[in-house]
Every structure is written in structure tokens, then in C-alpha cells.
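Enquirer: Have a look at this one.
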Amino acid sequence: MDDLTTVAGRLWGALGGAEDALERLEVVGDRRVLPSIVDVTGFAGACAAAVALAVGEVLAARGAGAPPPVRVDTRRAAATFLSERLFRPEGWSLPDLWDPISGDHAAADGWVRLHANYPWHRGAALSALGLPDDAERDIVARTVGERPAEEIESAVVAAGGCAAALRSSDTWSTHPHGAVAVHEPLLRRDATFEGPGRPFPAPDGRPLAGVRVVDLTRVIAGPVCTRLLAAHGAEVIRVDPPGFAEVGALLPETTIGKRRLALDLTQESDQEHLGRLVAGADVVVHGLRPGALDDLGLGPAWWRERRPGLVVAALDAYGWDGPWADRRGFDSLVQMSVGIAHAGMVATGAEHPVPLPAQALDHGAGHVLAAGILLALADGAAGGPAVDLRTSLVGVANHLRAMPDPDGIGLEPPSWGDDDVERRETGWGPGWGVPAPRDVDGWPGRWDIPAGPLASRR
């Protein structure tokens, strides 16, 4: 298995980072922390390194001197990939992370995973199965068991829900979408020439001081990206529809460091409000499926009219080409589709799918997109063009699948304790969470806005 500096170098190179920047990187800690069939520990450390190195590039581009040294601790990087699981409320309780019918179900010929954490996805799954809205898990399991896995997958997706049949890597590589998606890169970077990026003045106490980010993301991957930017001083404004029912168990981690605003983007007045935000922004990050913004009249031309130098960063589940390019998806579903959960099952001898020990596709995509944005901002500060950035869960999966670690699956899981978290205030009460990144020498990250409920009005 390669040393972590080499692993970080491959990821950094895939993002377009300069090779000599790796001379600033020091890695400490155990080479393996998380048990897995692929090198999740190395990937988490490489992701932390990429963000930290990119912060240094921004500092240099803003006139703060030579990029500072970077020191990555593998245990802390692994903890960051588990941040939503390691958060501990103090004196109050989190809601359940998973809907009762979410998870893996044995089908007539294999396994299928249902993702029903949003009410509309739960309704779609139950409708596709011909079950009432109040159906319990045992009824769902019995119904799924009577039908083939891919038939269940197709029916749920056709109903507007989210499901994935368990496939091996070989099966995925010959699947109509898999044959395309296996070539999806870690990050796509397309320069736009409507105008140059914006040069920034020297940072005022924080690497991203004065940078505004409009955040139109949900769940884990996108919010991880934007909270990383917030940790380094960006003003992040998260925009949700009024009354949006986000997965409540995630909010203590995904809203931290962000202002929160409710806008109904089907309404002209709220589109105008968003337009004013964008006109003063430097970055927009969204996780909407291809075409969703165009359907609202908010396509690329709309953004560029209001801010020609804008960095627009997007992520999706199954990649940007192929028949599933617009398919709804989540980390756990992509792991089922591409062969990761199947490989874990085979390696452990289990009779059920065995996923990665963390939502590594989500956290990886968030870090990759954050590092890409930081590099784009550094280019813009030097007079480079504005760019569009795109990553996907399947692109991250491709990168991870090329990092096998067969011996890692037998590693004993780590014990996490008070030294891995810090106390913080939230809108629901105090709690304990994984700290902001402290990898950049002299520029430790922090979150200035406590996590809290989503905004209910403008």
C-alpha cells in the first residue's frame, strides 16, 4: 500500500494542483484507521491534504506570502469522514437518521437498497411496491422478497423514488450506465470566458475573508463542501425552500458556519432575491440534478448575467453522462450500484451487502469540490477565468475503487472518545462534534455561526 503522501499526490494531481505544493505536506498518524476493502483512511487523509494545500494557494494568490506548511493527521481526517455519526447532543436527542423502511432488503434474486429518508421518496417506494403509506418494514421486506432486485429498483425509480440493486464491479462495468460512468473523472473543470475571476485583496484574518458562497445543496456531500469553505472564513448562505424537511439528524453538522435563508425559487420575487445574492457572490454550489435549474429558468446564462466571474460548482450522484445522468442517488445507493458493497460482502463472507465504514463518497465529493473551488478562487485572484466545476459520487467511487486494500477489511474499528470531538453550541442545545480542520499552519479553521434549524422565511 502506498504511503499517504503518494496517495495525496494522486488526488491533488487529479484536481489540477501543482506538484511542488506537496513539498509543504506532512502526514502523521496511523496508516490505517478505518477497516475497509479500499483505502478509506488514505483517501480521507488525501482529501484533507487537498483542501489544506488549496487554502495555501488562496493565501498566496491574495498576497499573504508563500503558502504555509500543511500537517494532516490521519485519525482526525478519518473522524471528519464520520462527523455526522460522531456528533453527540448533550441534554437533548437527535431524530433517527434513517426512515424505518430505508436500508437493504433481500429480493428474490439478490439485494436491493431503498432510500426513504425524505417523505416523498418513502411515498414513491411504497407506491412502487403497491403498499399503503403506513406500511411497516416487515411488510416491505416481505414484498421486496417476492420480486427481482432490478425490477424493484426500476419500479421505485420510475415512481420518483430512490433505490439501487446490489451489483458486482464486473456487472456494473457492463451495465449501460456503468460502462459510461466508470470513466467519470474525480472533478470536471470547464473554463468560462464571459469574464475573468475576481481578484481578492489580502485576507483579513481568515483565508476566505470577503468571499461569499451561495449554497443550494442538501444532505451531506454539498454541505460538507460549503462548511469547509465556512471554516476558512467564507460567508456561506444556505438557501432552502420554505418548510423544507431536511434529514434532521444531519443538521447539527451540515448547517454549522452558515447563514440560513428560505426562498421559493418557483416565485419570481424570490428568484430576484437570489439574483441579488448571486450578484454579490463569488461561488455558487448546488446539488440539483441536471436540468432542474434550467426548468426553473435558472440556467447558466442566468448566473453569468448577474455575476460573470462566478465560480459555479455542482455535484450529482451517478455522473454527468450516460442514461442515469439525471437519476436521483445517495452515497449508500452508489456503493450498491458500482460494486463496493458487493466487494465488501465477498471479502467478509457476509450474507448481506457490506458498505464502507463511512459515507466516504459523500465526504470525498465534498472535499474534492471544496478543493476545486479554492483552486479556482486562487486562479481568479491571479486574473484567471471563471470556471464551472462538477464532481459526482460515482466519480469519487471510481477513484476509491482504484485504491484497494484487501488486508484493511480485517482491521479492528477504532474507538472514538472525547479527544476526537469538541464542545459546541447549537440551536437545539450544546453538543460535541468533530472540530473544524486545523491542517494549515498558522490558519486554523473555525465556525463562527452555530448550527441550527433551517430558515422558515426570508
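The values are calculated or read from the model by the stated rules, or taken from the named source; none is laboratory data. Source: prediction; values computed, not measured. Note that each Cβ is placed from the backbone with ideal geometry, even for glycine, and that neighbours are counted across all protein chains shown.
Enquirer: For a quick check of your reading of the model, give me the residue pairs whose first member lies in segment 362-381 and is under 16 Å from Gly45 (Cβ atoms), whose second is modelled with pLDDT of 95 or more and of a type in the set (Lys, Arg), with beta-carbon atoms closer than 7 Å and at least 6 apart or on different chains.
Expert: Between residues of segment 362-381 that are under 16 Å from Gly45 (Cβ atoms) and residues that are modelled with pLDDT of 95 or more and of a type in the set (Lys, Arg), there is no close pair.
Enquirer: With Leu389, Leu375 as the choices, which residue is closer than 30 Å to Pro242 by Cβ, buried (at least 22 other Cβ atoms within 10 Å of the Cβ) and of a type in the set (A, V, I, L, M, F, W, C)?
Expert: Only one candidate qualifies: Leu389.
Enquirer: List the number of the failed condition for Val284; all other conditions in (1) assigned to a helix (DSSP H, G or I); (2) buried (at least 18 other Cβ atoms within 10 Å of the Cβ) hold.
Expert: That leaves (1) as the condition not met.
Enquirer: Something else about it: Does at least one position in segment 414-424 carry a residue that is over 19 Å from Thr226 (Cβ atoms), of a type in the set (Lys, Arg) and in contact with a strand residue (DSSP E or B) (Cβ under 6 Å, 6 or more places away or on another chain)?
Expert: Yes, the conditions are met somewhere in segment 414-424.
Enquirer: If Asp294 satisfies every condition in (1) farther than 19 Å from Phe330 by Cβ; (2) part of a loop (DSSP other than H, G, I, E, B); (3) out of contact with any strand residue (DSSP E or B) (no Cβ under 6 Å at 6 or more places or on another chain) but one, which is the exception?
Expert: (2)
Enquirer: While we're here: Only residues in segment 49-64 that are on the phi > 0 side of the Ramachandran plot count as the first member; pair them with residues that are modelled with pLDDT of 95 or more and assigned to a helix (DSSP H, G or I), Cβ under 7 angstrom, at least 6 apart or cross-chain, and list the lot.
Expert: none
Enquirer: For segment 26-40, give me each residue that is without any contact (Cβ under 8 Å) to a residue 60 or more places away in the chain and either charged (D, E, K, R) or crowded, with 24+ Cβ neighbours inside 10 Å (or both).
Expert: Glu26, Asp30, Arg31
Enquirer: Filter segment 217-239 for residues that are in contact with a strand residue (DSSP E or B) (Cβ under 9 Å, 6 or more places away or on another chain) and either of a type in the set (S, T, N, Q) or at pLDDT below 95 (or both) and give the result.
Expert: Across segment 217-239, the qualifying residues are Thr217, Arg218, Thr226.
Enquirer: Just name the residue that is nearest to Thr5 (Cα to Cα) out of those in segment 15-42 that are among the hydrophobic types (A, V, I, L, M, F, W, C) and part of a helix (DSSP H, G or I).
Expert: This residue is Leu22.
Enquirer: Right, next: For Gly417, only one of the following conditions fails: (1) crowded, with 24+ Cβ neighbours inside 10 Å; (2) free of Cβ contacts under 8 Å to residues at least 24 places away in the same chain. What is its number?
Expert: (1)
Enquirer: State yes or no: is Arg32 under 18 Å from the mean Cα position of the chain (by Cα) and of a type outside the set (A, V, I, L, M)?
Expert: Here the answer is no, as Arg32 does not meet what is asked.
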